[in-house]
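Q: My questions will all concern the structure given below.
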Amino acid sequence: TDTKPIPAPPGWPLVGNAFDFDTELPLRTFQNFAEQYGEIYRMHLPSGSPMVVSSHALVHELCDEKRFRKPVAGALAEIRNGVHDGLFTAREEEANWGIAHRILMPAFGPASIQGMFTEMHEIASQLALKWARHGEDTPIMVTDDFTRLTLDTLALCTMNFRFNSYYHDELHPFIAAMGDFLTESGARATRPSVMSVLYQQANRKYWEDIEVLRRTAQSVLDTRRKHPTGRKDLVSAMLEGVDPKTGQKLSDSSIIDNLITFLIAGHETTSGLLSFAFYLLIKHPEAYRKAQDEVDSVIGKGPIKVEHMNKLPYIAAVLRETLRLCPTIPVIARQAREDTVIGDGKYLIKKDERLVLLLAQSHLDPKVYGETAKDFVPERMLDDSFERLTKEFPDCWKPFGTGMRACIGRPFAWQEAVLVMAMLLQNFDFSLDDPTYELQYKQTLTTKPKNFHMRASLRDGLT
Ligand code: HEM
C-alpha cells in the first residue's frame, strides 16, 4: 500500500526530541509542532517514539476500540509505580481493572453522586464563607482555593476524611507528597534513563512520597475497619463490594491503589476546570451575565438544592465549552492492537505503537467548530446543539477520555462543578485582580491557569 511517511521534527542522537520540551509547558511544544508538522507527527523520546495526532478526523479514528486501546506508558507508567493496577494505570489485560470497574461503577452512578450532594454543598459553602471574609480588597488565589475545595470534597465524599484545607496555609503532608509525586512522575517520563544516576535525590524523594501516600490511605482503611459507620461511600463500596462476574472482592492493596487514584485523578482536573471557567466568564461579560441570570432565575436567593443541578443548562454549556478550549487533561494516549492504516490509507501504524491524542488541539479543529473554533461560545454547547454536534462529529469533544477507559468520575466532577459555579455566581460578583491579566498556563499532569487572581465582592449577604 501507498502510505505516506509520518513527519518528524529533527532530534539529537540518543535523546531525540527530549530537550525540545518546554519544561514548564510541554503542551506548548506539542502544539507548536502540530502547527508546524500538521495533523500527525512522530517524536523521538528516550521512552519511545510516539506519534502526536491533532485533527478531529484522526482522533475519531483512534477512538475505535476495536483497533486501538489505552497504553500505560510515559507519565502513566511512572504513576503506576505508586498505584499499580488501580483503575487509572491498569493495563487492559489485568484482571483487577475489571473487578474494580464493576464494583465501583454503581458507586459512581447518578444515585450515589446525588447522595453526596449535602457534603459537596458543605465544602462549597466553606469556600464561599472564606471568600466573603476576605472581602473585596483581597486578591484570591483562584486555583489554590479551588484545589483545596476539590481535594476536601473528594476526600470527604469518597472516604469520610477531612483535610480541612481552608484552615491551613501549609498543605497537608499527604497533599504535598501527592503533588511532588505527580510532578516527578511527569519529569521522569521525559528524562533519558541514562541520566537517572544524576537524579538520586529526586528518586529517593519519589519513593518516600509514595510511602506517605500509601500509609495515609492505609490509615483511612484501618480507621474505617475499627469504627464501622454504616456510611455508603466509595470506601464501603470497595470494602464490601463483590464483583458480579468473578465473585471476587478487592484486596486491601487494591483498595489503597484506588483510593490514591481517586485523589490523583479527581482533584486537579476539577479544580482546573473551575479556574478556567471563571477566567473565561470574566473575560466574556455577556456569557457571565447569562450564567448569573440563569442562577438568579432558577435558584434565586434561597439554598441550592440537588434538584437544581440539571436545571442550569447555561452553566452546563459554560463548563463544556471550558473543557473544549482548556481540557485539563490535554492529552490521552492510544495504541494499535494490530498493524493498521489510518487517515484514508495515508499513515501506517504498527502494532503496539503509541499515539498521543492532542485534545487541546483536536478540540479546535475548524472542520468541526468553524471559524469561531478558538473563541469561547457557550451557546454551541447548549444541550440541543451539543447533541447535534457530537452526533455529526463523534469524538469531537473528549475531555473525559474515551471508550471503556473513559473517566469514571465524570458525574462526580460535573455535580461538583455545577454546584460550585452556581453558588459562587449566586453570592458574588467577580473581577480580575489585575485587569490586564491574560491567560497563562501551568502544567503538571493537568493544566491550570497560572498567576490567576480574582476579587470577589458579595452581592447581598451570603445565602
Ligand atoms: C480517567 C478526565 C474528574 C477518576 C480519566 C480520563 C480523562 C479524565 C481524560 C482518561 C485518561 C486516559 O485515557 O488515560 C477528567 C476530567 C475531570 C475528571 C477532565 C474533571 C473535570 C475525575 C474525578 C474522579 C476521576 C472527580 C474521581 C472521583 C478517574 C479515574 C479514571 C479517570 C479512576 C480511570 C478510569 C479507567 O481507566 O477505568 N479522567 N476526570 N476523574 N478518571 Fe477522570
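What follows draws every value from the coordinates through simple rules; no lab data is involved. Quick caveat, the model's predicted, so the values are computed rather than measured. Because the Cβ atoms are built from the backbone with ideal geometry, glycine has one as well, and the counts that use them run over all protein chains shown.
Q: List, in the order given, every pair from Lys70/Lys350; Lys205/Lys226; Lys305/Lys450 whose Cα-Cα distance in the structure shown is over 23 Å.
A: Pairs exceeding 23 Å: Lys205/Lys226; Lys305/Lys450.
Q: If each residue of separation counts as 0.36 nm, what is the full-extension length gain between Thr223 and Val306 once their alpha-carbon separation is subtracted? Working shown, then result.
A: Working: separation 83, 0.36 × 83 = 29.88 nm, distance 2.99 nm.
Separation in residues times 0.36 nm, less the Cα-Cα distance, equals 26.9 nm.
Q: Note down the nm distance, to one decimal, between modelled labels 7 Å out along Cα→Cβ at Asn81 and at Gln36.
A: 3.0
Q: Below 8 Å, C-alpha to C-alpha, sequence gap of six or more: please give me the relative contact order for segment 49-123 in percent.
A: 16
Q: Add -39500 (n - 2.57) for each DSSP H run of 4 or more in the chain, then divide by its residues: what number comes out at 222 nm, to the nearest 500 deg cm²/dmol?
A: The helix contribution divided over the chain gives -15500 deg cm²/dmol.
Q: Relative to a virtual label point 7 Å from the Cα of Ser125 in the Cα→beta-carbon direction, which members of segment 298-316 show backbone nitrogen distances below 18 Å?
A: Residues 299-309 fall inside that zone.
Q: If each of Lys350 and Met195 carries a label point 7 Å out from its Cα toward its Cβ, how far apart are those two points in nm?
A: My value for the distance between the label points is 2.6 nm.
Q: What's the extension gain from Met404 to Lys283 if we count 0.36 nm per residue and subtract their Cα-Cα distance?
A: Working it through step by step, the gained length comes to 39.9 nm.
Q: In the calculated pair distance distribution of segment 380-456, what percentage of Cα-Cα distances lie above 15 Å?
A: 75
Q: Scan around Phe68 for amide H atoms under 5 Å from its own, H built in the peptide plane at 1.01 Å from N, and keep only partners 5 or more places away or cross-chain.
A: Arg337
Q: What nm value, rounded to one decimal, do you get for the distance between Val298 and Thr463 when each label is placed 7 Å out toward the C-beta?
A: Placing both labels 7 Å beyond Cα along the Cβ direction yields 1.2 nm.
Q: Also, quick follow-up: When a/c is below 1.5 the answer is rounded, else prolate if a/b is larger than b/c, else oblate, so apply that to segment 171-310 with a ≥ b ≥ c taken from the square roots of the Cα gyration tensor eigenvalues.
A: Judged from the Cα gyration tensor, segment 171-310 comes out oblate (a/c at least 1.5, b/c at or above a/b).
Q: Quick check: net charge around Leu357, other residues with Cβ under 10 Å of its Cβ, Lys/Arg +1 and Asp/Glu -1?
A: Result for the local shell: +1.
Q: Still on this structure, I have one more. Measuring from centroid to centroid over Cα atoms, what is the spacing of segment 238-255 and segment 277-309 in Å?
A: Rounded to whole Å, the Cα centres lie 41 Å apart.
Q: Note down the magnitude of the dipole of segment 387-463 about its Cα centre, charges +1 on Lys and Arg C-beta and -1 on Asp and Glu C-beta and zero elsewhere, to the nearest 20 debye.
A: 340
Q: When only C-alpha pairs under 8 Å and at least 6 residues apart count, what is the relative contact order of segment 38-86, in percent?
A: With pairs under 8 Å counted, the relative contact order is 24 percent.
Q: Would you work out the relative contact order for the chain, in percent, from Cα pairs under 8 angstrom that are 6 or more residues apart?
A: 25
Q: Ignoring solvent entirely, what values of log10 I(q)/I(0) come out of the Debye formula for segment 317-463 at 0.10, 0.13, 0.17 Å⁻¹ when each Cα is a single scatterer?
A: So the normalised log intensities work out to -0.47, -0.77, -1.20.
Q: Taking 0.36 nm per intervening residue step and subtracting the Cα-Cα distance, what contour gain separates Ala176 from Phe19 on full extension?
A: Details: separation 157, 0.36 × 157 = 56.52 nm, distance 2.75 nm.
Result: 53.8 nm gained on full extension.
Q: Sorted from largest to smallest, which semi-axis lengths in Å does the alpha carbon gyration tensor of segment 330-390 give for its equivalent ellipsoid, taking the root of 5 times each eigenvalue?
A: 30, 12, 12
Q: Would you please name the GluC sites (Glu not before Pro) within segment 1-82 that are DSSP coil residues with at most 15 other C-beta atoms within 10 Å of their C-beta?
A: Passing both the DSSP loop test and the Cβ count: Glu24, Glu65.
Q: Round to a whole angstrom and tell me the spacing of the C-alpha centers of segment 1-40 and segment 177-193.
A: Their Cα centres are 21 Å away from one another.
Q: Take each uninterrupted DSSP H stretch in the chain, measure its Cα extent along the helix axis, and return the ones at 30 Å or beyond whose mean Kyte-Doolittle hydropathy is at least 0.0.
A: 252-283
Q: Where the only charges are on Cβ atoms (+1 Lys, Arg; -1 Asp, Glu), what is the dipole of segment 3-112 about its Cα centre, to the nearest 20 debye?
A: 240
Q: Treat every Asp and Glu Cβ in the chain as -1 and every Lys and Arg Cβ as +1, leave all other atoms uncharged, and give the resulting dipole magnitude about the Cα centre to the nearest 20 debye.
A: 940
Q: With the dipole of segment 145-253 worked out from charges on the C-beta (+1 for Lys and Arg, -1 for Asp and Glu) around the Cα centre, which of Thr158, Leu213, Met238 lies farthest toward the positive end?
A: Result: Met238, furthest along the dipole toward the positive end.
Q: Sort out for me the Cα centre separation of segment 323-339 from segment 390-463, rounded to whole Å.
A: 20
Q: So if R0 is 25 Å, what FRET efficiency would Arg388 and Arg67 give, r being the distance between their Cβ atoms, rounded to the nearest 0.05?
A: Result of the calculation: an efficiency of 0.40.
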